[in-house]
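Below is one structure, written out as structure tokens; the observations come after it.
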Amino acid sequence: MTEHVWSYRSTSGHLAGTDLTGYKVEATDGGIGKVDKHSDEVGDAYLVVDTGVWIFGKEVLLPASTVVSIDPEAETVYVDRTKGQIKDAPEFHRDKHLGDRDYHQELGAYYAATRFGLPPR
């Protein structure tokens, strides 16, 4: 169930090679921050979002499948999760988790479950 979590949806408007750094990120119920880093790697695409004042001093890792659309003119990425779902995701620490396959599995399972309104495992 988590294998497609790390890929952009074909309908998201994502173009490989587009630099999303600095784009605003909007959850279904409001802004969560700005893209600090992103990956287009096939099967391992994601956004690292600096949450700024929303979750002071924290970053979150969002699998690419959470992106529903990208507006290049407004420099905004829209994701299909609520702020609460993002805040409740497994905690992210860039130095520890960015290349950690176990963390990616845990996070992928969390976001796969929340996509369908299921309780996270």
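The values are calculated or read from the model by the stated rules, or taken from the named source; none is laboratory data. What you see is a predicted model; the values in this text were computed from it and never measured. Cβ sites come from the backbone with ideal geometry, for glycine too, and all protein chains shown count toward neighbours. These accessible areas exclude ligands, DNA and RNA; they are computed on the full protein's heavy atoms, side chains included. Shrake-Rupley method; radii C 1.70, N 1.55, O 1.52, S 1.80 Å.
Descriptive notes on the structure:
- The stretch 1-82 - share of DSSP beta bridges that are antiparallel (%, nearest 5): 85
- Theoretical FRET efficiency, 1/(1+(r/R0)^6), r = Cβ-Cβ of D29 and D102, R0 41 Å, to 0.05: 0.85
- Put simply, the amide H of T82, placed in the peptide plane, has neighbours under 5 Å in T28, leaving out anything fewer than 5 places away on its chain.
- Where GluC sites (Glu not before Pro) fall in DSSP loop in the stretch 40-121, at most 16 other Cβ within 10 Å: E41, E73, E75, E91
- The stretch 22-29 - phi-based ³J(HN,Hα) in whole Hz, Karplus 6.51/-1.76/1.60, Gly and Pro as x: x, 5, 6, 10, 10, 7, 5, 10
- Counting only DSSP H runs of at least 4 residues, each contributing -39500 (n - 2.57), and dividing by the residue count of the chain, the helix-based mean residue ellipticity at 222 nm comes to -5500 deg cm²/dmol.
- The phi-based Karplus calculation (6.51 cos²θ - 1.76 cosθ + 1.60; θ = phi - 60°) puts the 3J(HN,Hα) values of the stretch 100-111 at 8, 5, 5, 5, 4, 4, 4, 5, x, 5, 4, 6 Hz, whole numbers, x for Gly and Pro.
- Assigned charges on the beta-carbon of Lys, Arg, Asp, Glu; the stretch 1-99 dipole about Cα centre (debye): 260
- For the stretch 7-68, fraction of C-alpha pairs farther apart than 13 Å, in %: 61
- 18 Å Cα cut-off, lysine pairs counted over the stretch 18-121 (separation 8 or more, or different chains): 13
- Rounded D (µm²/s) - the stretch 1-40, Kirkwood Rh over Cα pairs, Stokes-Einstein at 25 °C, 0.890 mPa s: 209
- Extents of the chain, taken as max minus min of Cα coordinates on every principal axis and listed largest first, are 37, 31, 29 Å.
- Along the chain, counting only chymotrypsin sites (Phe, Trp or Tyr not before Pro) with a DSSP assignment other than H, G, I, E or B and at most 12 other Cβ atoms inside a 10 Å radius, the longest segment between sites is 57-115.
- Accessible heavy-atom area order of K58, K96, highest first, probe of 1.4 Å: K96, K58
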